[in-house]
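Worksheet: the structure to be examined is printed underneath.
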Amino acid sequence: QVQLVESGGGLVQAGGSLRLSCAASGRTFSRYVMGWFRQAPGKEREFVAAISWSGGNKYAKSVRDRFSISRDNPKNTVDLQMNSLKPEDTAVYYCAANSDWFTAVDWRSYDYWGQGTQVTVSS
């Protein structure tokens, strides 16, 4: 069982930066693939980034050159550094845990989810 709690969301102007953090409970954190997803009003949940237990990563094309995912296994945390934010990045961002790297981009394969944190980017 893994419990996830996100923090770091907020309101920022276009071009600004935010850093989201996800704190996980449980002694097996390092075994999980950790992902970030987002969902805007009226839209489907979409993949943002994922990081494997060894630090390998995947990014959505829309964020690849602007966002960076990292994890600290001893501290049970995973962060998402978001730079050059755009209004279209506005969404609720969710942290999630998965045990299968090959399905890391598919939200349906994730077993555990945080409650989400709102990110709003003004133009």
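The values are calculated or read from the model by the stated rules, or taken from the named source; none is laboratory data. Just so it is clear, the structure is predicted and the values come from calculations on it, not from any experiment. Ideal geometry is used to build each Cβ from the backbone, glycine not excepted, and the neighbour counts take in all protein chains shown. SASA here: full protein model, heavy atoms, side chains in, ligands and nucleic acids out. Shrake-Rupley method; radii C 1.70, N 1.55, O 1.52, S 1.80 Å.
Give me the distance between the Cα centres of region 11-64 and region 102-121, rounded to whole Å.
7 Å
Run the 1.4 Å probe and let me know the accessible area of Val33, rounded to the nearest 10 Å².
0 Å²
Using only the Cα atoms of the chain, each taken as one equal point scatterer with no solvent, compute I(q) by the Debye sum, divide by I(0), and report log10 of the ratio at q = 0.22, 0.23 Å⁻¹.
Rounded to two decimals, the profile gives -1.28, -1.40.
Under a straight-distance cross-link criterion of Cα-Cα below 29 Å, which lysines are reachable from Lys75, leaving out those fewer than 8 residues away in the same chain?
Answer for Lys75, where 29 Å is the Cα cut-off: Lys58, Lys61, listed by chain and number.
Subtracting the Cα-Cα distance from 0.36 nm times the residue separation, let me have the gained length for Asp106 to Ser17 in nm, one decimal.
Going from the current span to full extension adds 29.5 nm.
Within the set of other residues whose C-beta is less than 15 Å from the C-beta of Gly16, count the net charge using Lys and Arg as +1 and Asp and Glu as -1.
The answer is +1.
Once the Cβ-Cβ distance between Asp72 and Gln3 is put in as r, and R0 is 22 Å, what FRET efficiency do you end up with, to the nearest 0.05?
0.85
Work through the residues other than Asn83 whose Cβ is under 11 Å from its Cβ and net out their charges, Lys, Arg +1 and Asp, Glu -1.
Surrounding charge for Asn83 is +1.
Over its Cα atoms, what ratio of radius of gyration to 2.2 N^0.38 Å does region 44-110 give?
On the way: Rg = 11.9 Å, N = 67, 2.2 N^0.38 = 10.9 Å.
Working it through for region 44-110, the quotient is 1.09.
How much of the DSSP beta bridge set in the chain is antiparallel, as a percent to the nearest 5?
Of the beta bridges lying entirely in the chain, close to 90 percent run antiparallel.
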